[in-house]
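Okay, so here's the structure we're looking at.
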Amino acid sequence: MTVPPPPPNQPPGPDGYGHLPGPPPQGYGYPQGPNPYAQQYPPQQPAPPQPHAQPPQAGPGWGPYPPQHGGLPQAPQPGGPGGGRSRNKPALVAAAMAGVLVLGAGGYFLLAGDDEGGKDPKAQASAPADAKPSGGASVDKGDGNGGGGQEADLNSGRKPGEDKVLWVKTNSVELPGAGADAPAQWVVGDTVVKAAYKSVTAYGVRDGKERWTVSFPEKICTATNTTTADAKTVVGFMNGQSSSAKCNQLKGIDLKAGKETWTKEVPDEGMFDIMVSPTLAIAGDTVTVSRMGPTSAFKVSTGDKLFARTEQPTTDGKCVPETYAGGSRMVAVARCIDEGEEVQGADPATGNTTWGYKLPKDWKVTKVYSVDPVVIDVTNKTKKERAVAVLGPDGKLRTQLTGEGNFAAECDLTLLDRSLQNCKGAVVDGPSNTMYLPTEGRSNEIAAFDLTTGKIKWRTPAGEGRRLLPLRAENGQLYAYLDAEKDKGGEVVAVPAAGGKPTTLLRNPSGPAAPVENAFFSPQLDFVDGRLFISATRLLGNSKGGQEKLLMVFGK
């Protein structure tokens, strides 16, 4: 494809492409002077009319997608090199970087839609010792052998220097033929809480004993790994079992107290509100329920309705929020009448827009990797171009990532491209002003990007046949997970924010434990207080040689 020349009176970028509309980032990374694509709105006021988008222009980070291996990345194949989790990985958001960051065209899932992404903040509240269970799934009681006494001790034959399996939970509940979702995991104080099929259940982190269960009348259909500051969350479930059933029921859960707080139905917001593929986002005491078109918002604490966004974009430039990302702040992706999109800051209590960054026409936001700072994945499907951009707190373009390499975040497969925050491996650390991305494939590296300059600060050494995946950043450290293989347990390593050789913090056992760890399907991973929690995000309803594993915990 031919790259358009830079706009008049605008110097080309270091890669030979032009820049995004507006002046290039300077100093701290914010454009100097007026920026028509980042306008300030007064708090609690509707967004003023916006001008039409200017014609799209190529720029650093927005250039053409170079073909990789002769075309789109292919689906992982069973029994791939190294054995590891390659056969169980979800779609990849791949990035080919040659002077600029240009993300790949969406992995094999692009054939049916797009792939998805995000980060997963965790609550750290304490669970009460006297929380009472209310019934739920039948599981083994945490004796450490992984199968309620039905299989060999997973810690047998541990090698010197290896840590141990603390306990394992298996699913013994009969599931529908198509299986069931297990969409969320929260580590809260001295419990780990797992949502799966028709229940949310808490287990003691040390012994795996069940603390409490909240049961659902129908299967869970949507959830978020985010909680409020006091460890409350919201889970969505179906309103029936028929083919016309909707995912329009919500249940509030206090993960600290171990109890349901409220249940309500999401009302239809207009005759075309069909609740297709709803996604939840939590910021402050607000949970948004975004679907095809409208969004409804409720208080997490009480279930009271806060606002709904049902209006349509207008020809005077008004863009309407359609999908939200949550965390310490709330960010919306809004539709515009000219087929463009706008990234907006949103007041969680009212939904009012606080700032807006307008993308050029035909550019779309596919993922929000972070809301503080705002880091977004954007794509132009027509031109097969993709990039990662960093916005400042006022919505102005701060920088775009640049560097050499092929990068990939792991994103869960969903029916439609709705979720903004369901990718693993893309970690943004505001305090160290750094974003961490893994290179694609096995024997990979992790690159640390400076969020002011967009350039790579350092890389970890390449692995030895296993994939290294960033988990989270905290206290000046990046924590990452090294894949398990059928004959070798996984590891948790730490890398200083300033760079350096990874230090192994946890070395999971080989022997009978390794193939169990290796077999988890698209797992949720959390490393908290020296323990690694691995759980399935999808239960298939069958397991060769025993019950299907739901949750596995490692420690010293």
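The values are calculated or read from the model by the stated rules, or taken from the named source; none is laboratory data. Given the structure is predicted, the values throughout are model-derived calculations rather than measurements. In this analysis, Cβ positions are derived from the backbone assuming ideal geometry, glycine residues included, and neighbour counts consider all displayed protein chains. Ligands, DNA and RNA are stripped out before the accessible areas are found, and what is left, the full protein with its side chains, is counted by its heavy atoms. Shrake-Rupley method; radii C 1.70, N 1.55, O 1.52, S 1.80 Å.
Does the range 326-336 hold any residues that are of a type in the set (G, A, S) and open to solvent by 10 Å² or more (accessible area, probe 1.4 Å), and which are they?
Within the range 326-336, the first condition is being of a type in the set (G, A, S), and the residues that meet it are 326-328, 332, 334.
Within the range 326-336, G327, S328 meet the criteria.
For the range 337-346, what are the residues that are touching a strand residue (DSSP E or B) at 6+ places or on another chain (Cβ under 6 Å) and open to solvent by 10 Å² or more (accessible area, probe 1.4 Å)?
Restricting attention to the range 337-346, the residues satisfying the condition of being touching a strand residue (DSSP E or B) at 6+ places or on another chain (Cβ under 6 Å) are 341-346.
Matches in the range 337-346: E341, A346.
Filter the range 242-263 down to the residues that are within 18 Å of G303 (Cα to Cα), of a type in the set (K, R) and surrounded by 17 or more Cβ atoms within 10 Å (Cβ to Cβ) and list them by number.
Of the range 242-263, the ones within 18 Å of G303 (Cα to Cα) are 247-263.
Right, trim to of a type in the set (K, R) and you get 251, 256, 259.
Within the range 242-263, K251, K256 qualify.
Which of (1) farther than 30 Å from E404 by Cα; (2) surrounded by fewer than 22 Cβ atoms within 10 Å (Cβ to Cβ); (3) at pLDDT below 95 does T323 not meet, given it meets every other one?
Going through the list (1) farther than 30 Å from E404 by Cα; (2) surrounded by fewer than 22 Cβ atoms within 10 Å (Cβ to Cβ); (3) at pLDDT below 95, T323 breaks only (2).
Collect the residues in the range 226-239 that are open to solvent by 20 Å² or more (accessible area, probe 1.4 Å) and closer than 30 Å to G177 by Cβ, keeping them in residue-number order.
Once the filter is applied, which keeps residues that are open to solvent by 20 Å² or more (accessible area, probe 1.4 Å) and closer than 30 Å to G177 by Cβ, the range 226-239 yields M238, N239.
Can you name every residue in the range 213-225 that is of a type in the set (S, T, N, Q) and open to solvent by 10 Å² or more (accessible area, probe 1.4 Å)?
Our first condition is that a residue be of a type in the set (S, T, N, Q); within the range 213-225, this holds for 213, 215, 222, 224-225.
Answer for the range 213-225, where residues must be of a type in the set (S, T, N, Q) and open to solvent by 10 Å² or more (accessible area, probe 1.4 Å): S215, T222, T224, N225.
Step by step: first the residues of the range 161-211, then only those that are among the small types (G, A, S) and more than 16 Å from I253 (Cβ to Cβ), then the one that is nearest to the chain's Cα centre (by Cα). Which residue is that? Write out each step before concluding.
Going through the range 161-211, the residues among the small types (G, A, S) turn out to be 161, 172, 177-180, 182, 184, 189, 195-196, 199, 202, 204, 208.
Subset that is more than 16 Å from I253 (Cβ to Cβ): 161, 172, 177-180, 204, 208.
Details: G161: 33, S172: 28, G177: 27, A178: 24, G179: 22, A180: 20, G204: 25, G208: 26 Å.
Only one residue fits best here, namely A180.
Kindly indicate the residue of the range 214-270 that is basic (K, R) and touching a residue at least 60 places away in the same chain (Cβ under 8 Å) and also nearest to T537 (Cα to Cα) among those meeting that condition.
In the first step, residues of the range 214-270 are kept if they are basic (K, R); the result is 219, 232, 246, 251, 256, 259, 264.
Next, from what is left, pick out any that are touching a residue at least 60 places away in the same chain (Cβ under 8 Å): 232, 256, 259.
Numbers: K232: 20, K256: 22, K259: 22 Å.
Filtering first and then ranking leaves K232.
Evaluate the following for D316: is it open to solvent by 10 Å² or more (accessible area, probe 1.4 Å), within 30 Å of P373 (Cβ to Cβ) and touching a residue at least 40 places away in the same chain (Cβ under 8 Å)? Reasoning before the result, please.
Details: open to solvent by 10 Å² or more (accessible area, probe 1.4 Å): yes; within 30 Å of P373 (Cβ to Cβ): no; touching a residue at least 40 places away in the same chain (Cβ under 8 Å): yes.
The answer is no for D316.
State whether the residues of the range 362-369 include one that is at pLDDT below 95, surrounded by fewer than 20 Cβ atoms within 10 Å (Cβ to Cβ) and not in a strand (DSSP E or B).
Checked the range 362-369: at least one residue is at pLDDT below 95, surrounded by fewer than 20 Cβ atoms within 10 Å (Cβ to Cβ) and not in a strand (DSSP E or B).
Condition test on S277, is it among the hydroxyl-bearing types (S, T, Y) and open to solvent by less than 50 Å² (accessible area, probe 1.4 Å)? Walk me through how you get there before you give the answer.
On the way: among the hydroxyl-bearing types (S, T, Y): yes; open to solvent by less than 50 Å² (accessible area, probe 1.4 Å): yes.
Considered against the rule, which asks whether it is among the hydroxyl-bearing types (S, T, Y) and open to solvent by less than 50 Å² (accessible area, probe 1.4 Å), S277 comes out as yes.
With the range 421-511 as the region, which strands (runs of 3 or more DSSP E) entirely inside it contain at least 2 residues that are under 30 Å from S277 (Cα atoms) and under 21 Å from the mean Cα position of the chain (by Cα)? Before the answer, list the steps.
Values: elements: 427-429, 434-438, 446-450, 456-459, 468-474, 477-482, 491-496, 503-507.
So the answer is 427-429, 434-438, 468-474.
In contact with a strand residue (DSSP E or B) (Cβ under 9 Å, 6 or more places away or on another chain), of a type in the set (G, A, S) and buried (at least 23 other Cβ atoms within 10 Å of the Cβ), is that true of A462? First the steps, then the outcome.
On the way: in contact with a strand residue (DSSP E or B) (Cβ under 9 Å, 6 or more places away or on another chain): yes; of a type in the set (G, A, S): yes; buried (at least 23 other Cβ atoms within 10 Å of the Cβ): no.
So A462 fails the test.
Does G356 meet the test of being over 18 Å from the mean Cα position of the chain (by Cα) and part of a strand (DSSP E or B)?
Numbers: over 18 Å from the mean Cα position of the chain (by Cα): yes; part of a strand (DSSP E or B): yes.
In short, yes.
Please go through the range 384-423 and pick out each residue that is of a type in the set (D, E, K, R) and either open to solvent by less than 30 Å² (accessible area, probe 1.4 Å) or free of Cβ contacts under 8 Å to residues at least 40 places away in the same chain (or both).
The answer is E385, R386, R398, E410, R418.
Considering each residue of the range 264-274, count those that are part of a loop (DSSP other than H, G, I, E, B) and either open to solvent by 20 Å² or more (accessible area, probe 1.4 Å) or among the aromatic types (F, W, Y) (or both), and give that number.
First, the residues of the range 264-274 that are part of a loop (DSSP other than H, G, I, E, B): 266-274.
Add one more test, that the residue is either open to solvent by 20 Å² or more (accessible area, probe 1.4 Å) or among the aromatic types (F, W, Y) (or both), and what stays is 267-272, 274.
Summing the residues that are part of a loop (DSSP other than H, G, I, E, B) and either open to solvent by 20 Å² or more (accessible area, probe 1.4 Å) or among the aromatic types (F, W, Y) (or both) in the range 264-274 gives 7.
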